[in-house]
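Throughout, read-outs are computed from the coordinates displayed, never taken from laboratory work. Predicted, not measured: the structure shown is a model, and the values here were computed from it. Please note: Cβ atoms are built from the backbone with ideal geometry, for glycine as well, and neighbour counts cover all protein chains shown.
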Ligand SMILES: [Zn+2]
Ligand SMILES: [Zn+2]
């Protein structure tokens with residue numbers, strides 16, 4: 001059995017493995033026939049919907065005989081790998097490229113879809129942020145900006161699947177969409193979930209941690225216990241796919257960061273001293289690198305109140 005078939009047939013088994021484990025597993029499987037394993041993971045969650053990971057935010061895709069939809073695009077160096085994998089599966093046109101938000105690890109690869117995709121869709125603020133950051137970085141010519149934007153709700157159809165996008169206010173930025181494949185009941189959360197990994201909180205693009213918690217609570221109510229969630233990022237050893245339990249835990253983590261920060265401000269700490277903390281009380285399984293990012297964001301958010 002070739003590796004790709006093996007990955008498809010083992011979708012359910014793979015779903016239970018972490019990314020790091022998947023990479024080792026796939027490398028092991030490829031050794032037998034002498035081919036080097038590709039540095040990316042293209043893996044089906046259902047017969048039509050799958051995930052692609054290589055570098056940057058997790059990509060989701062829908063393959064229907066009538067068309068393809070892709071959620072997020074990583075980088076110009078990695079998006080062509082996804083496109084070549086999709087072309088092995090179908091000649092159907094790419095109807096939609098959806099951006100969960102504007103960050104470069106989710107939109108820089110948009111340009112690889114130029115001339116291939118019918119529409120690029122994002123929240124209005126995501127488009128504005130992408131354009132603003134590109135102008136500041138003098139690389140607007142390297143962007144493929146969304147041509148369809150929405151304010152609160154958007155819906156599109158590809159074959160038999162209905163794709164709904166929701167904007168519930170600021171969180172990781174001020175333009176984060178939740179993207180729901182309604183029939184499959186799979187939601188791409190973008191960077192609204194960093195699974196067991198300290199998040200980037202982009203205050204320069206309107207992020208708000210206390211409202212982020214509200215968005216996560218709303219997601220746990222709006223969707224259900226059968227919904228599968230896809231996450232922008234996860235810590236080593238944790239999955240990029242999960243359920244409402246992960247959303248609750250991440251919301252609890254954000255709450256723990258804010259509570260801890262508020263206590264430290266009240267205790268008269270300086271920001272400089274506060275940022276030297278290496279652990280956050282009651283932050284559960286969130287450990288490792290990047291702790292100063294949420295701490296600094298929480299400090300600035302609470303001081304701005
Ligand atoms: Zn990201
Ligand atoms: Zn992001």
Residue 178: passes all of (1) away from ligand 2 (no atom under 12 Å from the Cβ); (2) more than 10 Å from the chain's Cα centre (by Cα) but (2)
Looking only at region 133-156, filter to residues that are within 21 Å of the chain's Cα centre (by Cα) and without any contact (Cβ under 8 Å) to a residue 24 or more places away in the chain; which one of those is surrounded by the most Cβ atoms within 10 Å (Cβ to Cβ)? 134
Pick out the one residue from 256, 283 that is outside any loop (DSSP other than H, G, I, E, B), under 27 Å from the mean Cα position of the chain (by Cα) and either free of Cβ contacts under 8 Å to residues at least 60 places away in the same chain or surrounded by 18 or more Cβ atoms within 10 Å (Cβ to Cβ) (or both). 256
Of everything in region 99-119 that's over 12 Å from residue 147 (Cβ atoms) and touching a strand residue (DSSP E or B) at 6+ places or on another chain (Cβ under 7 Å), which residue is nearest to ligand 2 (Cβ to nearest atom)? 100
Only one of 238, 231 is within 16 Å of ligand 1 (Cβ to nearest atom) and surrounded by fewer than 20 Cβ atoms within 10 Å (Cβ to Cβ); which? 238
Tell me which residues, restricted to region 159-170, are surrounded by 15 or more Cβ atoms within 10 Å (Cβ to Cβ) and part of a loop (DSSP other than H, G, I, E, B). 159, 167, 168, 170
Any pair with Cβ under 8 angstrom, 6 or more apart, that starts in region 54-70 at a residue that is touching a residue at least 60 places away in the same chain (Cβ under 8 Å) and closer than 13 Å to residue 104 by Cα and ends at one that is part of a loop (DSSP other than H, G, I, E, B) and more than 16 Å from ligand 2 (Cβ to nearest atom): none
